[in-house]
């Protein structure tokens, strides 16, 4: 027997419910529920879907993210195209590719856009709980909007998503907020940081020493406990913000205050990419250990011009889907079951043609029906019907089919009487079994 081939470490299969797995990972039903919820919430806020390639020119990320970021320095999956020598990279994040698409297609010609995308990203890092080499991300962007109102709307939109998913802000997740000001303000702060850390160089770990002159702001994000006191005493960017930056930040806060959303101003909050300015935010949790950030974003008004487009403001966020679904699992939040509404029990081969024709009618009317296949006793079929999570069993026996009927049994209400339904009226009674059936069928039934 040939040796089985396994998936690349840190790149996982998303399996259907009930399939055994070696690691606690969300199943495909949980993913589908999440994706459906996302589409519903974003549609209410007027966001449109966009899809971009998973492979982009390497230069896009070097220019967009910054040469001295962890992503560019050591996490990207990059390669040379053997056909033409192009330097290409599997996308490590979504924003740079979205901005590239906006520039290439002159997408902002007719005005600002609210868009979103969802899909796989790739980073070569050590796999750990909630962090993988192929991970999936929801990315939401508002391009062409300069005001603090859209910053605040985006944060409130995330709160709406939490509520739809059953997460409670302040209990399961909490919001942290900061302002990174404008480039000249950050430069003044950067100079002050460098001077401060140079004066305390003996307390810097190897990573901080490496970043000192290339990206000192990232030292503030250190997870090294031995450096926390040093970081806490460092100059804060808030002290360098001008009137305009403070006004923008306070305007965001006033909207959140009016909406009753609690948050913490974290003056040490930075983001991992170089392109951010003004508002930055993170939604964090205490339920996942050290990997506490489940959603993060902010404003990046200079990135479009930096990547070759006409200057335009923008704000957005990214949400790690694996980490969020892991949080939902850890909290044991209720998730709607992805079960069929009905299960077809077929007692003899001669009933199969009529049963399948009827099931096609029911499905066309919007009813989710799982058909038993492969034969088996009535007892074993009912056992499978119950395990499927279906509410009803539809029993196609020779006697029922001969009478032009199907027997309906309620699997979840033991004392409910068994009923007979006409095969010829399947499109009508489908609506009775499931409110999700087509409105047309419901109207006919109620006529």
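The values are calculated or read from the model by the stated rules, or taken from the named source; none is laboratory data. This structure is a prediction, so every number in the text was calculated from the model and none was measured. Quick reminder, even Gly has a Cβ in these numbers, built from the backbone with ideal geometry, and neighbours come from all protein chains shown.
Please verify whether segment 73-81 includes one or more residues that are part of a loop (DSSP other than H, G, I, E, B), surrounded by fewer than 18 Cβ atoms within 10 Å (Cβ to Cβ) and touching a helix residue (DSSP H, G or I) at 6+ places or on another chain (Cβ under 8 Å).
no
Output yes when any residue across segment 96-105 is assigned to a loop (DSSP other than H, G, I, E, B), more than 16 Å from residue 275 (Cα to Cα) and assigned by TED's automatic domain parsing to the domain that holds residue 149, and no when none is.
yes
Just one of 256, 269 is over 29 Å from residue 97 (Cα atoms), crowded, with 19+ Cβ neighbours inside 10 Å and touching a strand residue (DSSP E or B) at 6+ places or on another chain (Cβ under 9 Å); which is it?
On the way: 269 fails: over 29 Å from residue 97 (Cα atoms).
Sole residue among the options that is over 29 Å from residue 97 (Cα atoms), crowded, with 19+ Cβ neighbours inside 10 Å and touching a strand residue (DSSP E or B) at 6+ places or on another chain (Cβ under 9 Å): 256.
Which residues, counting only those in segment 372-397, are in a loop (DSSP other than H, G, I, E, B), touching a residue at least 40 places away in the same chain (Cβ under 8 Å) and surrounded by fewer than 21 Cβ atoms within 10 Å (Cβ to Cβ)?
Within segment 372-397, 388, 389, 391, 397 qualify.
Listed here are the residues, each with its yes/no results for (1) touching a helix residue (DSSP H, G or I) at 6+ places or on another chain (Cβ under 9 Å); (2) outside any strand (DSSP E or B); (3) on the phi < 0 side of the Ramachandran plot.
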| position | (1), (2), (3) |
| --- | --- |
| 260 | no, yes, no |
| 267 | yes, yes, yes |
| 275 | yes, yes, yes |
| 281 | yes, no, yes |
| 286 | no, yes, yes |
| 301 | no, yes, yes |
| 311 | yes, yes, yes |
| 333 | yes, yes, yes |
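Anything in segment 201-214 that is within 22 Å of residue 188 (Cα to Cα) and in contact with a helix residue (DSSP H, G or I) (Cβ under 9 Å, 6 or more places away or on another chain)? List them, or say none.
Residues of segment 201-214 that are within 22 Å of residue 188 (Cα to Cα), as a first pass: 201, 204, 208-214.
Once the filter is applied, which keeps residues that are within 22 Å of residue 188 (Cα to Cα) and in contact with a helix residue (DSSP H, G or I) (Cβ under 9 Å, 6 or more places away or on another chain), segment 201-214 yields 201, 204, 208, 209, 211, 212, 213.
Name the residues in segment 339-351 that are assigned to a helix (DSSP H, G or I) and either closer than 9 Å to residue 397 by Cα or touching a helix residue (DSSP H, G or I) at 6+ places or on another chain (Cβ under 7 Å) (or both), would you?
Passing the criteria: 350, 351.
Please specify each residue of segment 295-325 satisfying the condition of being more than 16 Å from residue 147 (Cα to Cα), more than 12 Å from the chain's Cα centre (by Cα) and surrounded by fewer than 22 Cβ atoms within 10 Å (Cβ to Cβ).
Scanning segment 295-325 gives 305, 306, 307, 308, 309, 310.
Just to be sure, is residue 405 outside the structural domain of residue 299 (by TED's automatic domain parsing), free of Cβ contacts under 8 Å to residues at least 24 places away in the same chain and surrounded by 16 or more Cβ atoms within 10 Å (Cβ to Cβ)?
Yes: the conditions hold for residue 405.
Output the residues belonging to segment 223-241 that are in contact with a helix residue (DSSP H, G or I) (Cβ under 6 Å, 6 or more places away or on another chain) and part of a loop (DSSP other than H, G, I, E, B).
234, 235, 241
Could you tell me whether any residue of segment 354-371 is touching a helix residue (DSSP H, G or I) at 6+ places or on another chain (Cβ under 6 Å), assigned to a loop (DSSP other than H, G, I, E, B) and modelled with pLDDT under 90?
So far as segment 354-371 goes, yes, one or more of its residues are touching a helix residue (DSSP H, G or I) at 6+ places or on another chain (Cβ under 6 Å), assigned to a loop (DSSP other than H, G, I, E, B) and modelled with pLDDT under 90.
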